[in-house]
Amino acid sequence: MSADLAELVGRFGVVLHSAGVPVTPRSAGRFADAIAVAQPTRTAQLYWLARVTLVPDRVHFDAFERCFDQVFRGLFDDAGGNRNPNVATSPTTRPSEPSPSGKRRGQPPSTSNDMPSGKPGVSSSTGSNDAADDGVLAAASATERLSARPFGVCTPDELEQVRSLMHAFRLEPPLRRSRRSRVHPLGRTVDLRATLRAAQQTGGDPVRQISRRRRTRPRRVVLIADVSGSMESYGRAYLYLLHSAVRAVGAEAFVFATQLHRLTRPLGSQHPAQALTRAMASAPDWSGGTRIGEALKAFNNDHARRGIGRGAIVVIVSDGWEAGDAALLGREMERLSRLAYRIVWVNPRKQNVDYQPLVGGMAAALPWVNTFVSGHSLDALDEVALAINATQHEQSRARGIVPTA
């Protein structure tokens, strides 16, 4: 199975889970193994591999077919998308009964020369072989092209597809020890109160010592995105990234142009369109000038030193064009480096092979940056996720992630 098809299969599981189909990692693994063994070349073959491995009950057949059409055929019916996938199908549409076309929906496709089109088991009215033969490869190729396409050249329709694909963007920040503790058999600290209470059952003799260990919790993730004029072509895509991070791990989100704006609450809405409208309304200087140093100074004074930035992974998204004082940017980056656990700088201009971080703002900030990546496309966001998810030891060993300059 090719890498692009494997990625598409993973996102298909996310779509199914969102539609109410209980897809588990084990069933997704069975689906991947089935594809590796069967090597399907037709959409109908992929349909039956997915159905027998991913759908545990017939009540989910309708939701599965809608999701399959949406991902692999592009035949998603909006009218049918409003049905509740958790409601059992009616007796007239059971897979064991004939469909309106005259064939049973639960039967495998015919082995005759008629190639399946639309749902498997229904003969094509045109007899065309291209859609059935190339459906899987075409869907995978379209996703692959979009994943490699820079955000700055995406059309509005492509950006909408990027938004939907970013739901599969997974962040797993490294753990840190909390101040709270819990009872643990391998703890290094004796819980005196619990030990004495247990000793009451043994005549006051502390036969069993109860230990405690400090709890662990994920490190906070803070994203600060540049929405000035020089980043206008990338602004909406990175706003989608902020929205996904806020919903996925409860990240703190900020944007800046001439001033810093906190967007955590506006982006916390479950409805993407509503969240993005509120976020853009909260930043009146959108596509304005660039004051990176002043924005970081406001972040350090008002948020970072009060707790948000302490021990956090701070991700700054900017091309480094500074209209203000570059020395101020350097001083604020130094302050931030003493508070944060790690600083990741995402610069979409780094995608160019001849790029050199020589502009005043980027040159002043880079000495205090732990990880310098481009993040200019969906594929490039994997480096951003790696920089956020990796521990300090893993990050130091990652090749091509930590800047040598």
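The values are calculated or read from the model by the stated rules, or taken from the named source; none is laboratory data. These numbers come from a predicted model, not from an experiment. Neighbour counts run over all protein chains shown; Cβ positions are idealised from the backbone, glycine included. These area figures cover heavy atoms from the full protein model, side chains too; ligands, DNA and RNA do not enter into them. Shrake-Rupley method; radii C 1.70, N 1.55, O 1.52, S 1.80 Å.
Among the residues in segment 344-367, are any in contact (Cβ under 8 Å) with a residue 40 or more places away in the chain, touching a Leu at 6+ places or on another chain (Cβ under 8 Å) and aromatic (Phe, Trp, Tyr)? Within segment 344-367, none of the residues are in contact (Cβ under 8 Å) with a residue 40 or more places away in the chain, touching a Leu at 6+ places or on another chain (Cβ under 8 Å) and aromatic (Phe, Trp, Tyr). The residues listed here are ILE292, ILE308; of these, the one that is of a type outside the set (Phe, Trp, Tyr), touching a residue at least 40 places away in the same chain (Cβ under 8 Å), open to solvent by 10 Å² or more (accessible area, probe 1.4 Å) and under 28 Å from ARG163 (Cα atoms) is ILE308.
Just checking, how many residues over segment 329-358 are open to solvent by 30 Å² or more (accessible area, probe 1.4 Å) and either aliphatic (A, V, I, L, M) or outside any loop (DSSP other than H, G, I, E, B) (or both)? So the count comes out to 11. With respect to (1) free of Cβ contacts under 8 Å to residues at least 60 places away in the same chain; (2) surrounded by 21 or more Cβ atoms within 10 Å (Cβ to Cβ), the lone exception for ARG262 is condition (2). Note on segment 359-376: residues that are over 17 Å from LEU223 (Cα atoms), of a type in the set (Gly, Ala, Ser) and not in a helix (DSSP H, G or I) amount to 0. Of the numbered conditions (1) assigned to a helix (DSSP H, G or I); (2) open to solvent by 10 Å² or more (accessible area, probe 1.4 Å); (3) more than 23 Å from THR155 (Cα to Cα); (4) of a type outside the set (Asp, Glu), ARG182 satisfies every one except a single condition; which is it? With respect to (1) assigned to a helix (DSSP H, G or I); (2) open to solvent by 10 Å² or more (accessible area, probe 1.4 Å); (3) more than 23 Å from THR155 (Cα to Cα); (4) of a type outside the set (Asp, Glu), ARG182 is out only on (1). The set of residues in segment 267-289 that are open to solvent by 20 Å² or more (accessible area, probe 1.4 Å) and of a type outside the set (S, T, N, Q) comprises GLY268, HIS271, PRO272, ALA273, ARG278, MET280, ALA281, PRO284, ASP285, TRP286, GLY288, GLY289.
For (1) among the basic types (Lys, Arg); (2) without any contact (Cβ under 8 Å) to a residue 40 or more places away in the chain; (3) open to solvent by 20 Å² or more (accessible area, probe 1.4 Å); (4) in contact with a Lys or Arg (Cβ under 8 Å, 6 or more places away or on another chain), each residue gets a yes or a no:
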position	(1), (2), (3), (4)
ARG188	yes, yes, yes, yes
ASP205	no, yes, yes, no
PRO218	no, no, yes, yes
LEU223	no, no, no, no
SER228	no, no, no, no
GLU232	no, no, yes, no
GLY235	no, no, no, no
TYR238	no, no, no, no
